[in-house]
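Colleague: One structure is given below, represented as structure tokens, and several questions about it will come after.
Read the figures in this text as sums done on the coordinates, not as results from a lab. Worth saying up front: this structure is predicted, and the values here are computed from it rather than measured. Cβ placement follows ideal geometry from the backbone for every residue including glycine, while neighbour counts extend to all protein chains displayed.
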Amino acid sequence: MTTEQTDTATDTKIPSQAEPQDVLPAPAEPEATAAPETPAAEPAQPAPAVPAAEAEVPQTPAVPAAEAEVPQTPAVPAAEAEPEVPQAPQTQQVPLTLAGPPGAPARKLSRRVLWAAARWTAAVLVCGGLGTGTAFAIASMERHEVPGLATESDGRWEYPKLSLPALPADTQRPFTDGNVGEIHHADLRKLLLPAPVGATPDPKLNGGWATVDQYLSAYRPEDRAELKEALTESALRHIAARGWTTADGTTTRIHLLQFNSVAFAEAYKDDAVRAGSVDAPLLGVEGIKMESELASAVRVPYTALYTFIEAPKDADQTRWAYIQAGDTLALVTQTRKGEALQVPFQQTVTLQNQLLG
């Protein structure tokens, strides 16, 4: 029995590097070779035999000898590890470098590249400043001041912002349900259309009260006596007037005549003025042509409009209109050398009609 154990141990024993000739008997504790004869259910199975050379290695993963001497940091190739650059102080200026391929040394920017970058930076700043200034200047301008966006004028004048005057207490405006007599209770002078921007006011017709003679001076001398008598019979209350001259040479005059009732205002319009006839033309007018199309284009509720033009014209031309609005009758005239323009005349008549209506 002893002889068999010795032979088995001799066959499985790995010779040691220190003792190549001497073979020592295997230790008695492991008995790894007797595993085939041991029943499977036997408890406390001994661990398999470990060679002597491996028993001296600690219980950690095997590391090759060449790698065991390197610190636990990523491996750096020898070519990159050699040129060590000392750490510069934080206060020292580090020159700009260009990034190259991995492993290649950093390159300093040349002076020419630096100057080119500086010039382009300055150019971008200048262009940005100019663009911002230009955009701000355009945004602060009115539409008609911007080249290419200005709307061509159609001949209309620029009037101030219009608003109706305040009424006395316990009164209503004409053409309302509570004002059956269609009476203008507001101050008649405040119902006059103001002069457009840039016009030269007429010192005699400055927006105040006017006399009957000032009003009749717009007609031919041979017709003034008859018109004055008609005014007396029509219970005229007062007259407000305003006049001006624009830069194109157009002279405008507006007279507002207020009567005691709507019936007196209509009687003076029909019997004395005879709007639409050639019996009572204005001073300096030889021929009359009624402009029905223009009158129909200007529509204000509860008012009546009659427009005329001098035809044929001579050195200058006159346009005029009568506006019947309740107890008030308005006379609007425009005279201009050569031709009296239709656009400003229609604009003026429309605005004055709206103030009365």
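Colleague: Rounded, prolate or oblate: pick one for region 199-357, where a ≥ b ≥ c are the square roots of the eigenvalues of its C-alpha gyration tensor, a/c under 1.5 means rounded, and failing that, prolate if a/b is larger than b/c, else oblate.
Modeller: Here region 199-357 falls in the rounded category.
Colleague: To the nearest 20 Debye, how big is the dipole of region 220-303 about its Cα centre, given +1 on the beta carbon of each Lys and Arg and -1 on that of each Asp and Glu?
Modeller: Details: 10 positive and 13 negative charges, 77 e Å.
With only Lys, Arg, Asp and Glu charged at Cβ, the dipole is about 380 debye.
Colleague: Hey, got the dipole for region 275-357? About the Cα centre, +1 on K and R Cβ, -1 on D and E Cβ, debye to the nearest 20?
Modeller: On the way: 6 positive and 9 negative charges, 44 e Å.
Dipole about the Cα centre, nearest 20: 220 debye.
Colleague: Based on the mean of other Cβ atoms within 10 Å per residue, sort peptides 264-270, 184-190, 287-293 so the most packed one is first.
Modeller: 264-270, 184-190, 287-293
Colleague: Charges at C-beta only: +1 for Lys and Arg, -1 for Asp and Glu. How large is the resulting dipole of region 204-357 about its Cα centre, in Debye rounded to 20? Don't skip to the end; give the middle numbers.
Modeller: Numbers: 15 positive and 19 negative charges, 105 e Å.
In total the dipole reaches around 500 debye.
Colleague: While we're on this one: Per-residue counts of other Cβ atoms within 10 Å, averaged by peptide: what ranking do you get for 213-219, 307-313, 328-334, highest first?
Modeller: The packing order, highest mean first, is 328-334, 307-313, 213-219.
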